Structure formats: C-alpha cells, structure tokens
Amino acid sequence: MAWLVSLVVFLVLCALLGVLLPDPAPARWRRSVQRAATRLKARLRPDAPPEPDPFDTLRLQTRLGTVSTKIRSIESTPHVYARAHRLMALEAAYDDLLDEACRLAGCPGHPDMKRCEAKRWEEEQALAARGWTW
C-alpha cells in the first residue's frame, strides 16, 4: 500500500512541475526525435526516383530531330567546308543524345560498347518501339 501512495504522490508532483515550469526542453527533444526518425526512414526506405518530366522528353526529341536534320543536310551537300569534321562532331552529338534518350526512356543499353552504326541503329529501334519520334 505504501508503494501506491508514493506513486500517487510522485504523479501529483510531476503534474505540478509540468504546470509550473516552462516547456522549452520537450520541444527540442521532439525535434531531435523527429530528425532521427526522418533519417532512419530515409535509410530504411529511400524515396522512389521521380518520374521523368514530359517536357524534358519533348526537348530531347526536338534536339534529336534538329541534329539528325543537320546530319542529313551535310551528307546530301557535296561541297561543304570541313565536311568530315562537321559530320563527326554532329554524329558524336547525336550519339550522346541517343544515350540520354535511352536512359530517359529506360532502354537497356550497352555503355561499354564502342560507338558504331549497329549500336546507333539498336538505340533508334529501341526508342521507336517505345513510341519516340524525331
């Protein structure tokens, strides 16, 4: 019975202290617990990757179309100053854009494969199968 009385006295004293004392410590304590819980949640279950922006896709398709048009115009014009150099630069830009488009569309790629017509054709076909046009 004595333990019950001491428990009641303890609870009454705690309630009186809670009413009389200011409350800055629990707010700090709650913030630190909340930060720790947020870190633990981020470590245990990372956020899903964000969905790709459709406007990024549209910009990329436009750039692919522009570069491919320039490549075709240089290939069809026989007398262009520094034709080989321009063609190599445009094809490198086109290949980089295709790599970016494949990454954005989720196409399985071969990053270690050397640049060639076969890889370019495979990437173009994979993008076309996913509905990409340029």
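The values are calculated or read from the model by the stated rules, or taken from the named source; none is laboratory data. None of the values given here were measured: they were computed from a predicted structure. Because the Cβ atoms are built from the backbone with ideal geometry, glycine has one as well, and the counts that use them run over all protein chains shown.
Just to confirm my filter: which helices (runs of 4 or more DSSP H) fall fully inside segment 1-108 and include at least 2 residues that are exposed (fewer than 10 other Cβ atoms within 10 Å of the Cβ) and of a type outside the set (A, V, I, L, M, F, W, C)?
On the way: elements: 2-20, 24-44, 54-76, 83-105.
Counting at least 2 such residues, we get 24-44, 54-76.
Give the number of residues within segment 76-134 that are within 20 Å of the chain's Cα centre (by Cα) and either β-branched (Val, Ile, Thr) or on the phi > 0 side of the Ramachandran plot (or both).
1
May I ask you to verify whether ASP53 is free of Cβ contacts under 8 Å to residues at least 40 places away in the same chain, closer than 18 Å to LEU127 by Cβ and acidic (Asp, Glu)?
Values: free of Cβ contacts under 8 Å to residues at least 40 places away in the same chain: yes; closer than 18 Å to LEU127 by Cβ: yes; acidic (Asp, Glu): yes.
Criteria met by ASP53.
Check segment 113-123 and report whether any residue there is surrounded by 11 or more Cβ atoms within 10 Å (Cβ to Cβ), under 15 Å from LEU60 (Cα atoms) and in the same structural domain as LEU64 (by TED's automatic domain parsing).
yes
Where the second residue is of a type in the set (S, T, N, Q) and the first is assigned by TED's automatic domain parsing to the domain that holds TRP121 and lies in segment 65-94, which pairs have Cβ atoms under 9 Å and are six or more apart or on separate chains?
Sorted first by the residue in segment 65-94, then by its partner, the pairs are GLY65/THR133; VAL80/SER73; ARG83/THR77; LEU90/SER68; TYR94/SER68.
From the list ALA84, ALA36, ALA42, pick out the single residue that is within 30 Å of TRP132 (Cβ to Cβ) and modelled with pLDDT of 80 or more.
Values: ALA36 fails: within 30 Å of TRP132 (Cβ to Cβ); ALA42 fails: within 30 Å of TRP132 (Cβ to Cβ).
When all the criteria are applied, what remains is ALA84.
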